Amino acid sequence: AASPPRPVSIEELMETAKGVTNMALAHEIVVNGDFQIKPAELPEHSLEKKVRDIVHKAFWDCLEAQLKEDPPTYDHAIKLLGEIKENLLSFLLPGHTRLRSQITEVLDLDLIKQEAENGALDISKLVEFVIGMMGTLCAPARDEEIKKLKDINEIVPLFRAIFSVLDLMKMDMANFAVSSIRPKLMQQSAEYERKKFQEFLEKQPNSLDLVTRWLQEAADDLAKLRCKMLPAHCSGDGATGGASALCSTAVQNQAYLKLLKWDHVNRPFPETVLMDQTRFQEIQLELEQLLLTGTVLLVTFSAAGPALVDMPGFAEKIKTIVKVLLSGMHLPSFNLQESLATVGEKVCAEVNSCLSQHGFTPFSAERESGLKGQIQAVANPDNTICKLIDSRIEKFLENYLASSHQKPLPAVPGGLGPIQRELEEIAVKYVRLVNYNKMVFSPYYDAVLGKILTKE
């Protein structure tokens with residue numbers, strides 16, 4: 001008989017949740033090269049925002065009332081100076097001995113209290129010191145905010161602005177820390193994720209079934225491709241002989257390429273890449289849009305001839321048109337045929353405008369109709385130009401994977417020049433994701449592929 005379930009304490013649940021949250025955060029920092037800590041923004045009209053605004057207003061109103069008394073009361077102001085002092089000290093590095101002494105000496109709260117009691121406190125002088133020290137310690141990107149502080153003459157708005165800039169400086173420091181720890185975090189996070197997956201695998205022994213099927217399909221794809229290129233290497237079934245000669249890295253790379261054509265609705269994602277399913281899905285959508293953009297550009301340049309190819313800014317205008325009109329292509333309600341018809345109208349208008357502007361003959365009605373038809377034909381899955389661009393994009397990503405993310409990037413295949421920048425940005429993001437996944441799960445991939453590549 002199965003043993004009764006063991007009660008789980010709140011502490012255990014909290015500890016587990018914390019572990020998962022920490023792992024997800026570390027994973028995000030490692031795989032997202034653009035990861036940045038951003039200020040928390042409460043939703044407009046939310047209860048939390050209303051309460052916060054009321055409390056903040058009450059505090060600043062109280063400060064203003066104290067400073068307007070005769071003589072002024074400085075209780076609130078001194079507390080704020082204490083907080084500012086702690087903030088400034090938190091930005092210092094161990095070697096900043098002189099700056100530490102300066103801050104401690106000028107913002108000596110006991111001395112400030114004595115001066116306030118004796119009516120000798122010059123708060124504007126202290127604030128001037130604070131702004132100067134913030135200018136010394138802030139990142140260059142904050143110089144403009146520091147400059148604006150010097151133009152505020154009223155003390156309460158100035159205090160508010162100082163705390164606002166201090167929050168930005170804290171965020172800058174946190175983001176600098178994140179970028180500094182990323183290399184070390186990558187190794188530690190990979191080990192931690194591998195350990196957690198192993199624990200899961202011990203409880204669920206069939207947890208590599210989807211991975212096995214995924215890698216097997218990749219091996220079969222490569223074997224069939226090899227059979228087409230080198231028929232003499234294949235046995236009667238057309239695949240087995242080719243598979244035996246495949247290397248593990250090539251199969252893995254082919255498997256990762258398959259993730260960019262995945263049917264996310266009808267097919268479960270392999271277990272080892274499940275945490276990144278959303279990221280792979282986003283890259284897949286970006287590539288689908290880029291494929292259509294590249295095809296429209298190629299069709300347009302072919303129709304317009306050499307006149308527009310080197311015209312400054314023309315390709316960017318076409319890319320913007322396509323991007324805007326195809327922005328919702330992942331939504332169920334999106335109609336590709338209708339959107340491409342609109343793209344055709346806009347592109348033809350842009351082509352004629354550019355041709356006229358530079359002294360060329362605009363398109364005739366017949367040529368316009370031909371270009372619109374070619375653009376609408378892009379919606380056909382069997383469109384020759386679309387398939388050509390797709391295969392070249394895949395080849396570029398395959399070469400980039402094979403190069404192990406080394407600089408410089410592989411050469412971009414012909415026809416992809418107008419979308420080179422966008423393609424390279426996607427490639428960098430994709431390969432960072434792949435390389436980290438390999439770092440975590442390569443022992444499992446090696447074990448599975450060992451069986452796949454040696455079986456008869």
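The values are calculated or read from the model by the stated rules, or taken from the named source; none is laboratory data. Note that the structure is a prediction, hence the values are computed from the model and not measured. With ideal geometry, Cβ positions are generated from the backbone for all residues, glycine too; neighbour counts draw on all protein chains shown. Accessible surface is based on the protein model in full, side chains and every heavy atom, while ligands, DNA and RNA are left aside. Shrake-Rupley method; radii C 1.70, N 1.55, O 1.52, S 1.80 Å.
For the chain, the longest principal axis of the Cα atoms and the long axis of helix 420-454 meet at an angle of about 70 degrees.
The slack in the chain from ASN206 to ALA447, taken as 0.36 nm per residue of separation less the alpha-carbon distance, amounts to 85.3 nm. Length gained on full extension, GLN198 to GLN357, computed as 0.36 nm times the residue gap minus the Cα-Cα distance: 50.8 nm.
For LYS50, a cut-off of 24 angstrom between C-alpha atoms picks up these lysines, skipping any fewer than 8 places away in its own chain: LYS38. A 1.4 Å probe run over the chain, with the rest of the protein chains in place, finds 58 Å² accessible per residue.
Report, in listed order, any pair from LYS317/LYS346; LYS68/LYS150; LYS346/LYS372 with a Cα-Cα distance greater than 18 Å. Display every interim value, and only then the final one.
Working: LYS317/LYS346 10 Å; LYS68/LYS150 22 Å; LYS346/LYS372 10 Å.
The answer is LYS68/LYS150.
Remark: the SER333-ARG267 segment gains 21.6 nm on full extension, using 0.36 nm per residue and subtracting the alpha carbon distance.
Structural descriptor for the range 268-451: relative contact order 27 percent, calculated from alpha carbon pairs under 8 angstrom and at least 6 residues apart. Taking the 0 to 90 degree range and rounding to the nearest ten, how far is the long axis of helix 336-357 tilted relative to the main principal axis of the chain, both from C-alpha atoms? Roughly 80 degrees, rounded to the nearest 10. Each of GLU28 and ALA349 was given a label point 7 Å from its Cα along the Cα-to-Cβ line. The distance between the two points is 4.0 nm.
Using C-alpha pairs under 8 Å with a sequence gap of at least 6, the mean separation divided by the residue count of the chain gives a relative contact order of 15 percent. Spacing of the modelled spin labels on LEU285 and GLU398, each 7 Å from Cα toward Cβ, amounts to 2.8 nm. For the range 47-179, rounded, prolate or oblate, judged on the Cα gyration tensor with a ≥ b ≥ c (square roots of eigenvalues), a/c < 1.5 rounded, else prolate if a/b > b/c? Since a/c reaches 1.5 but b/c is at least a/b, the shape of the range 47-179 is classed as oblate.
Rounded to the nearest 10 degrees, the inclination of helix 10-31 to the longest alpha-carbon principal axis of the chain is 70 degrees.
Taking square-rooted eigenvalues a ≥ b ≥ c of the alpha carbon gyration tensor, is the range 268-451 rounded, prolate or oblate, where a/c under 1.5 means rounded and, failing that, a/b exceeding b/c means prolate? Write out the running numbers ahead of the final one.
Working: a/c = 2.84, a/b = 2.01, b/c = 1.41.
Prolate shape, in that a/c is at least 1.5 and a/b is the bigger ratio.
Dividing the summed -39500 (n - 2.57) terms of all DSSP H runs of n ≥ 4 by the residue count of the chain sets its mean residue ellipticity at 222 nm at -23500 deg cm²/dmol.
Modelled spin labels at LYS387 and ASP143, positioned 7 Å past Cα toward Cβ, are 5.7 nm from each other.
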